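A quick write-up on the structure given underneath.
Just so it is clear, none of the values below were taken in a lab; they were calculated from the coordinates. Here the structure is a predicted model, which is why all the values come from computation and not from measurement. Note that we place each Cβ from the backbone using ideal geometry, even for glycine, and neighbour counts take in every protein chain shown.
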Amino acid sequence: MTIRLTCRPVRRAPGAICRAKATDRPVILAALYLWFGGLTWMQGAFYGIGAAVIAIIGRSVWKLVKMTVAKDRLLRTIFFVSGIATASTESEVVWLFIGSGLLTMLVKAPPKLAGRAMSLSLMP
């Protein structure tokens with residue numbers, strides 16, 4: 001197994017150099033893990049990395065929910081109903097998400113009825 005890492009100097013861009021070094025470390029760690037067939041301390045490092053990634057995703061989800069759902073009663077209700085349905089069935093119900101989107105669309109932007117039959121179209 002051959003590991004070839006090249007590092008080119010970048011003029012006036014120290015951020016690019018830092019980015020390259022930050023992305024090389026996990027690659028080197030993974031290559032060493034494969035080379036030595038798995039070491040206990042490397043397994044621990046990967047478990048720690050996985051926990052950190054889950055924490056970052058959870059924090060981002062929390063911020064997104066606070067920005068979008070917290071101020072709107074309809075969206076909050078749909079959020080909780082979808083969450084309960086997903087948790088109880090242990091799967092995502094596609095029709096529930098489609099229905100939630102249609103309900104939100106009909107409540108927030110009801111179609112204009114100008115003396116003609118209402119048509120619900122998914123295309124603009």
Check: Where a ≥ b ≥ c are the square roots of the eigenvalues of the C-alpha gyration tensor, would you call segment 69-109 rounded, which needs a/c under 1.5, or, failing that, prolate if a/b is larger than b/c, or oblate?
Finding: oblate
Next item on the list: Run the quick spin-label model on residue 98 and residue 46: label points 7 Å from Cα toward the beta carbon, then report their separation in nm to one decimal.
Entry: 3.9
Notebook entry, point to check: Using a Förster distance of 35 Å, how high is the FRET efficiency between residue 109 and residue 55, based on the Cβ-Cβ distance and rounded to 0.05?
Noted result: 0.45
